[in-house]
1. Express the C-alpha Rg of the stretch 66-116 as a ratio against the empirical globular expectation 2.2 N^0.38 Å, rounded to two decimals.
2. What ratio of Cα Rg to 2.2 N^0.38 Å holds for the stretch 113-239?
3. For n ≥ 4 DSSP H runs only, could you compute -39500 (n - 2.57) per run for the chain, divide by its residues and tell me the 222 nm figure to the nearest 500?
4. In what sequence, highest mean first, do 214-223, 82-91, 40-49, 228-237 appear when ranked by Cβ atoms within 10 angstrom?
5. Quick one: dipole size for the stretch 180-337, taken about the Cα centre, charges +1 on Lys/Arg Cβ and -1 on Asp/Glu Cβ, in debye to the nearest 20.
6. With the Cα gyration tensor of the stretch 247-337 giving a ≥ b ≥ c as the square roots of its eigenvalues, does the rule (a/c under 1.5 for rounded; else a/b larger than b/c for prolate; else oblate) give rounded, prolate or oblate?
7. Which of the aspartates and glutamates could a cross-linker span from Lys139 if the Cα-Cα distance has to be under 15 Å and same-chain partners fewer than 8 positions apart are dropped?
8. Could you work out how far apart the two model spin labels at Lys332 and Ile40 are, taking each label as a point 7 Å from the Cα in the direction of the beta carbon, and quote it in nm?
Amino acid sequence: MQHERLSDFSGKGFYLLFSFPLYTKIKIDTNVDTTEDTEILDYNEDDIPNILHHIHLLENKDVRYLKTLVQEEKNFFHYCPFCKRELPITYKGCELDNEPSDSTLTTYSHMFGMSEDFEEYHEYAINDSAKRYEGLIEKIFDENRVLQMNLECTSKDKHKFYVIFQLTDDNYLMKTGQYPSILDFDNSLKEYRKVLKDMDVTKELTNAEILKTHNMGVGAFLYLRRIFEKLIFEKFEQAKLENNVDEHKFNEADTKDKVKILHEKGYVPNYLAEINSFVYDILSKGVHELSEKECKLHYDTLRKAILLILEEKMKMEQSEKSKKETKNELNKIHTKM
Ligand SMILES: [Zn+2]
């Protein structure tokens, strides 16, 4: 999901606050928005309705969402890094003095088509919207154009969180800090903890995550690729030890064929063999050709693919181990008989 303007976060405020990367510019469009509706005034003697058309000129939806984000009291279910579980998180909302409650700037109405008057209405709306926006910014941000939002969890300990935003001179909103960190709020790796420890790739994955949360997609890709390569190398070492691989042929092969060779000998999971060609292609392409933005956009999917591979690998090894143990036990029983 791409988030390019502030209103894209509407309904996903907690994602913006706790998970969206730092130093990523989010556009606040201040152009006037319009909506239209109609009203039936009455019917003439032939039963034909007299219709009045309204054109409402409103504050931009980005500006409206900025107000909602800061002003409205919030209560949403989210993971608390201190409690280590999901529970309601609250935000008190901040009072914005003398802020107009209606975002309609003006309404132009006509019955028989728009006249030149509309231009005057439009001009008025543009000026009013600019004036309102200036006032709003002054109320929300401090003299350095910085805003801090404070939140807390609803456990008896009332854990405190905060998020810091900067409004840039060219009118973008940018998250410049948060506590606890984006990584602390990410609970999605919990189910893979055992797999990661087992493979000894926790460091690589943590680095990838840190880079991603700091808006460095290409670097994050590099660490994902390293995990992928580590897995293949580990399996090659095992195959070598068991005298089960042609070392020369393996070294000559490109990465995709390396996976193929190992899969034929039963060293890598089926899922890896299945998605091998595109995962490695995307990761390599990312490092050399894709933009930061594309890398960031695809990061979560690739991370998921790699975690699934690691999970399947662990299960495969567990199953091998248990098969071997059972066979040994059966052998013992058989000899005694
Ligand atoms: Zn808590």
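Every number here is computed from the coordinates shown, using simple stated rules; none is lab data. Model, not experiment: these values are computed from the prediction. Cβ: placed from backbone, ideal geometry, glycine included. Neighbour counts: every protein chain shown.
1. That works out to 2.06 for the stretch 66-116.
2. Expressed relative to 2.2 N^0.38 Å, the Cα Rg reads 1.75.
3. My calculation for the chain gives -16000 deg cm²/dmol from helical runs alone.
4. Top of the packing list down: 214-223, 228-237, 82-91, 40-49.
5. 500 debye
6. oblate
7. Within reach: Glu72, Glu95, Asp97, Glu99.
8. Reported label-point gap for Lys332 and Ile40 is 8.9 nm.
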